[in-house]
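First the structure, in the form of structure tokens, and then the observations on it.
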Amino acid sequence: EVQPGGASTAPARVQMVGEILASMGVTEYDPKVSHILLEFVHKYVAEIVQDAAAFQEHANKPALDTDDVRLAIQSKVNGMFAQPPPREFMIELGRAKNSVPLPLIRPGVHLPPPEDCNAGTNYVVLAGRGAEG
């Protein structure tokens with residue numbers, strides 16, 4: 001949110017996220033993206049600090065230090081963020097999948113088998129019953 005004078009009314013952290021996005025070449029995005037990213041960063045940092053405190057306590061250290069934080073970050077990165085497969089592997093997988101032609105499309109309306117279709121009758125008429133009921 002930019003006012004006519006060029007000043008922004010957004011909180012400093014939202015402005016910081018906007019600057020990070022701009023530095024990455026992202027110029028157009030929904031304003032909700034900043035808040036979503038802030039929420040993610042807050043949750044991620046809180047988990048890192050909790051894990052680092054657990055490592056510090058386990059090591060019987062009097063205070064939290066950078067080694068605890070580094071260990072917490074490394075353990076989080078190893079368990080949370082999976083590396084994507086190599087590009088060459090994905091290209092080969094795509095070629096293999098795309099080498100199989102798609103089935104021909106039959107003309108007309110495509111319905112499931114009669115036993116799975118809701119278009120059939122859902123009642124049974126009993127013959128031989130009169131008005132006696």
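The values are calculated or read from the model by the stated rules, or taken from the named source; none is laboratory data. Model, not experiment: these values are computed from the prediction. Here the Cβ positions follow ideal geometry from the backbone for every residue, glycine too, while neighbour counts run over all protein chains shown. Note: accessible area is taken over every heavy atom of the protein model, side chains too, but ligands, DNA and RNA are not part of it. Shrake-Rupley method; radii C 1.70, N 1.55, O 1.52, S 1.80 Å.
Points worth noting:
- Of all residues in the range 72-92, those being at pLDDT below 90 and basic (Lys, Arg) number 1.
- Subset of the range 50-89 [open to solvent by 80 Å² or more (accessible area, probe 1.4 Å) and either touching a residue at least 24 places away in the same chain (Cβ under 8 Å) or among the aliphatic types (A, V, I, L, M) (or both)]: Leu64, Leu71, Met80, Ala82
- Residues of the range 24-49 that turn out to be part of a loop (DSSP other than H, G, I, E, B) and open to solvent by less than 60 Å² (accessible area, probe 1.4 Å), as a count: 2
- Residues that are touching a helix residue (DSSP H, G or I) at 6+ places or on another chain (Cβ under 9 Å) and within 15 Å of Arg13 (Cβ to Cβ) within the range 43-73 comprise just one, Tyr44.
- In the range 70-114, residue farthest from Gln56 (Cα to Cα) [restricted to those that are polar (S, T, N, Q) and part of a helix (DSSP H, G or I)]: Asn98
- Filtered by the rule that a residue be modelled with pLDDT of 90 or more and loosely packed, with under 14 Cβ neighbours inside 10 Å, the range 6-23 gives Glu19, Ile20, Ala22, Ser23.
- Which numbered condition Arg95 fails, given (1) at pLDDT below 95; (2) exposed (fewer than 10 other Cβ atoms within 10 Å of the Cβ): (1)
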